[in-house]
1. For segment 199-234, give me each residue that is closer than 17 Å to V279 by Cβ, in contact (Cβ under 8 Å) with a residue 40 or more places away in the chain and within 20 Å of the chain's Cα centre (by Cα).
2. Considering each residue of segment 214-229, count those that are of a type in the set (A, V, I, L, M), within 16 Å of the ligand (Cβ to nearest atom) and assigned to a strand (DSSP E or B), and give that number.
3. Being aromatic (F, W, Y), out of contact with any Asp or Glu (no Cβ under 7 Å at 6 or more places or on another chain), at pLDDT 95 or above and over 30 Å from P35 (Cβ atoms) narrows it down to one of Y113, Y183, so name that one.
4. Listed residues L106, L100, L122; which is on the phi < 0 side of the Ramachandran plot and in contact with a Ser or Thr (Cβ under 8 Å, 6 or more places away or on another chain)?
5. Considering only residues of segment 187-212 that are away from the ligand (no atom under 16 Å from the Cβ), closer than 20 Å to K251 by Cα and outside any loop (DSSP other than H, G, I, E, B), which is most open to solvent (accessible area, probe 1.4 Å)?
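The values are calculated or read from the model by the stated rules, or taken from the named source; none is laboratory data. Predicted model only: the values in this text are computed from it and were never measured. Reconstructed Cβ throughout: ideal geometry from the backbone, glycine too, with neighbour counts over all protein chains shown. The area values use the complete protein model at the heavy-atom level, side chains included, leaving out ligands, DNA and RNA. Shrake-Rupley method; radii C 1.70, N 1.55, O 1.52, S 1.80 Å.
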Amino acid sequence: MKFVFTLAWLLLAAAVQLPVATRAAESVRPGEIWPDNRGRHIQVHGGGILKFGDTFYWFGEDRSQDNLRSLRYVACYSSTNLTDWTFRNQVVKLADPENLGRGWVLERPKVFYNAPTKKFVLYAHIDNGNYQFASVAVFTCDTVDGDYRYLKSFRPLGQESRDIGQFVDDDGSAYLIFENRPYGFRIAKLSDDFLNVEKEICLIHAPLEGGALVHYNGLYYVIGSHMTGWHPNPNLYATAKSLAGPWSKFKDLAPPEKNTYGSQSTMLLKIPGTKTTSVIFMGDLWRPETQWDSRYLWMPLEIGDGKLSLPEPREWTLDVTTGEAKIK
Ligand code: GAL
């Protein structure tokens, strides 16, 4: 009898879970709860993606409601189709390493893989509560989803750095994009072991943050948002034939009155496939008062000939083999 009850309960539980698992497998739905394999909303705010082998790893700020208030967390999820995500680990669970005090922040984590040293290197924006420390934190790990070890913090090129973005070019060189008030934002090359920010490539004189880059059909596209904190604004883009510039004028990514459909840029993800190459806009839909419930806006961009356009958010599907993205 007890066995029958247990079986019935398990079946019921499976039936309840099913819609979650099925929904996630079908499509990307901007702005909705994005459940992981456990049915919990994915926690990778201000995140970035690393492809390692055939697997995509998504890292970001873990702002789960039950996190300890004194620690800062980075979570990692994995996927082979960019739609279904498996929770791997809270790869960073860190207590204030620089004595920055209450309200210290660890934001916009990005992970690079350094082939020569076989190390995974995580950069994040580290700051105190009023954003005056303005530095990057560096962590390393021997495995992609292990526990990352805090190494150090510094100001890249000796400059104030707040929002950071990551970019790996087709030749494997790795770059950090950082917002550098009051000058604009800088694109800088990482050292051979990725543990330092070595060389300035370009200073773009535009007061933008949430910087992201993609190299598509011989042209670089950079995007960024205005500096309005958690509140959305019209994100902009510019293009250049070389990372060092000259960069074109900045233009609107979407109709300005739409405020980037409520989102803020965090990364541009290129998916080269057998039929085509798609570029995905990854943005955050911040919910400042309920951060754990902040959502994601991912959409395939209309891109080409120096133009970039974020379509109105709708449900869409991606085939990572062919590179095709289809808006429903
Ligand atoms: C935004 C920034 C976020 C976070 C927020 C705090 O401008 O992009 O990453 O720092 O400010 O207000």
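1. G210, G211, A212, L213, V214, H215, Y216, Y221, V222, I223, G224
2. Total meeting the criteria: 2.
3. Y183
4. On inspection, the qualifying residue turns out to be L122.
5. It comes out as L203.
Quick grid of which residues meet (1) touching a Leu at 6+ places or on another chain (Cβ under 7 Å); (2) within 16 Å of the ligand (Cβ to nearest atom); (3) not hydrophobic (A, V, I, L, M, F, W, C):
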site: S248; (1), (2), (3): no, no, yes
site: T274; (1), (2), (3): no, no, yes
site: F281; (1), (2), (3): yes, yes, no
site: P288; (1), (2), (3): no, yes, yes
site: S294; (1), (2), (3): yes, yes, yes
site: P300; (1), (2), (3): no, no, yes
site: I303; (1), (2), (3): no, no, no
site: E312; (1), (2), (3): no, no, yes
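Every residue, every condition in (1) over 15 Å from the mean Cα position of the chain (by Cα); (2) away from the ligand (no atom under 16 Å from the Cβ), yes or no:
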| position | (1), (2) |
| --- | --- |
| Q90 | yes, yes |
| V105 | yes, no |
| K110 | no, no |
| N114 | yes, yes |
| T117 | yes, yes |
| I126 | yes, no |
| Q132 | yes, no |
